[in-house]
Amino acid sequence: MNPPTIRWAIIGPGSIARTFAAALPMVAGAELVAVASRDLARAQAFASKHQARLAVDSIAAVAEADDIDAVYVATPHPHHCAPALTCLAAGKAVLVEKPLALNAAQVGSLIAASHRHRAFLMEAMWTRFLPAWRTAAEWIHTGRIGEPRLVSADFGFRCGWDPHSRLLDPALAGGALLDVGVYTLAAANAVFPGPPLGVAGFAHLGATGVDEQSVAVLSWPGGRLARLAAAVRTATAGDCRIDGTEGSIHLPQFWRATRATWTSGDKSEIFDGPHESNGFEYQIREVHRCLADGLIESPVMPHADSLTIAGVMDALRRQWGLRYPGEDGTASS
Ligand SMILES: NC(=O)c1ccc[n+]([C@@H]2O[C@H](COP(=O)([O-])OP(=O)(O)OC[C@H]3O[C@@H](n4cnc5c(N)ncnc54)[C@H](OP(=O)(O)O)[C@@H]3O)[C@@H](O)[C@H]2O)c1
């Protein structure tokens with residue numbers, strides 16, 4: 001039996017939207033039908049390149065279109081919440097780029113809207129759906145490393161110096177934590193679900209005032225710990241290690257992992273799982289699966305995990321004195 005068609009719209013046809021559009025044809029039943037931009041010509045150019053029949057220059061037009069089932073929000077961080085709320089209110093399924101929103105207050109409002117309108121909502125934490133991570137999760141679940149005790153993860157790269165870029169401009173919620181630190185937090189959260197007991201971090205706030213690099217330490221009951229680093233002006237290895245009482249798991253380039261290695265004493269096993277497309281296909285399939293099952297959240301990347309992660313980012317930013325211009329639902333309240 002053919003899977004039901006899910007008709008997608010993209011909001012924000014920029015850099016990551018191109019990755020999403022490239023993966024979509026790999027998913028059975030997925031169809032790109034609409035593209036929304038602040039500029040109609042940009043929407044038309046993207047729609048024409050990816051054979052979408054509708055190009056619009058407003059979020060309302062996406063929300064009002066009857067022939068759209070699911071919306072992918074791919075705008076910069078401060079512009080996730082408003083379009084997602086509008087689309088949820090119209091009953092669309094919404095997949096929002098990471099981080100789900102600017103802060104926990106906004107994430108809470110999105111979750112409330114998802115429940116109110118019985119509309120699916122998920123943070124596009126694509127890493128979690130990669131075969132290497134699914135394998136690592138299975139190894140943990142089946143006790144292959146005993147009790148997980150320590151998660152170590154880093155994600156850093158060196159961007160060019162452009163104070164007006166999405167990565168460095170405070171008005172676009174630039175900085176390492178929300179852009180790449182969120183992956184390290186999601187990795188720790190996948191192993192130790194639930195809010196941490198303690199959160200402590202240091203950040204270097206650069207010339208534009210955003211966190212160019214940071215280190216965070218998190219603790220959970222029972223002495224479980226995570227040490228996480230994020231950077232946008234310093235390249236790091238991008239490793240994740242999960243150490244347990246009986247063994248360890250290592251995921252090189254963990255945020256786009258294609259390999260997971262399990263080690264216990266002198267025994268080891270390597271899982272190699274190259275992406276079928278660019279890796280986004282797995283999260284898109286998860287959306288389709290959840291919609292087919294009538295779910296409003298994914299059991300793999302549930303609302304509660306996004307809220308926990310946003311709460312930790314708020315806590316770290318409070319410690320660093322980092323707020324974005326015009327931020328409401330403040331990180332410091
Ligand atoms: N999953 C991943 O691997 C990954 C990688 C990179 C980024 N991301 C996430 O994807 C999101 C977008 O990142 P990106 O690098 O694709 O950004 P981008 O290319 O700078 O922007 C994406 C699009 O958003 C719209 N936009 C830009 N500035 C805006 C503003 N001030 N207000 C409203 N819309 C605006 C633009 O479209 P129009 O002007 O045409 O409307 C732009 O093309 C971010 O949340 C980022 O964290 C994810």
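Rounded to the nearest 20 debye, the dipole magnitude of the chain is 180 debye, with +1 charges on Lys and Arg beta carbons, -1 on Asp and Glu beta carbons, and the Cα centre as origin. Among Leu100, Pro274, Pro221, whose Cα lies farthest out toward the positive end of the dipole of the chain, if unit charges sit on the beta carbon of Lys, Arg (+1) and Asp, Glu (-1)? Towards the positive end, the residue furthest out is Pro221. For the range 128-138, backbone phi angles converted through the Karplus equation (6.51, -1.76, 1.60; θ = phi - 60°) give residue-by-residue couplings of 5, 9, 5, x, 5, 6, 4, 5, 4, 4, 5 Hz, Gly and Pro being listed as x. Each residue of the range 320-325 is assigned a 3J(HN,Hα), and the resulting list reads 8, x, 10, 10, 8, x Hz, derived from the Karplus form 6.51 cos²θ - 1.76 cosθ + 1.60 (θ = phi - 60°), x at Gly and Pro. For the chain, the residue among Leu167, His50, Leu295 whose Cα projects farthest onto the positive side of the dipole built from Cβ charges is Leu167.
Might you report the magnitude of the Cβ-based charge dipole of the range 1-147 about its Cα centre, with Lys and Arg at +1 and Asp and Glu at -1, to the nearest 20 debye? Don't jump to the answer; show the numbers that get you there.
Numbers: 13 positive and 11 negative charges, 35 e Å.
Charge dipole of the range 1-147: 180 debye, to the nearest 20.
A simple charge model with +1 on the Cβ of Lys and Arg, -1 on the Cβ of Asp and Glu and nothing else charged puts the dipole of the range 232-333 at about 400 debye relative to its Cα centre. Residues whose amide H lies under 5 Å from that of Phe157, counting only those 5 or more places away or on a different chain, are Ala231, Val232, Arg233, Thr234, Thr236; hydrogens are built 1.01 Å from N in the peptide plane. When a/c is below 1.5 the answer is rounded, else prolate if a/b is larger than b/c, else oblate, so apply that to the range 1-131 with a ≥ b ≥ c taken from the square roots of the Cα gyration tensor eigenvalues. In terms of gyration-tensor shape, rounded. Placing unit charges on the Cβ atoms of the charged side chains and taking the dipole of the range 231-333 about its Cα centre, the candidate lying farthest along the positive direction among Ala237, Leu307, Trp262 is Ala237. The three principal axes of the Cα atoms in the chain give end-to-end lengths of 56, 52, 38 Å, sorted in falling order. Could you tell me which of rounded, prolate or oblate describes the range 229-324, using a ≥ b ≥ c as the square roots of the eigenvalues of the alpha-carbon gyration tensor, with rounded for a/c under 1.5 and, failing that, prolate when a/b is larger than b/c and oblate otherwise? In terms of gyration-tensor shape, oblate. Within the chain, the longest run free of exposed loop sites, counting GluC sites (Glu not before Pro) that sit outside DSSP helix and strand states (H, G, I, E, B) and have at most 14 other Cβ atoms within 10 Å, spans 1-245. Counted by neighbouring Cβ atoms within 10 Å, the residues Asp154, Asp211 run from fewest to most as Asp154, Asp211. Across the range 206-219, computed HN-Hα scalar couplings (Karplus, 6.51 cos²θ - 1.76 cosθ + 1.60, θ = phi - 60°) run x, 4, 8, x, 9, 6, 7, 7, 7, 10, 10, 10, 10, 10 Hz from first to last residue, x flagging Gly and Pro.
Computed from the coordinates by the stated procedures, all read-outs in this text should not be read as laboratory data. All figures in this text were calculated on a predicted structure; none of them were measured in a lab. Glycine gets a Cβ as well: all are built from the backbone with ideal geometry, and neighbour counts include every protein chain shown.
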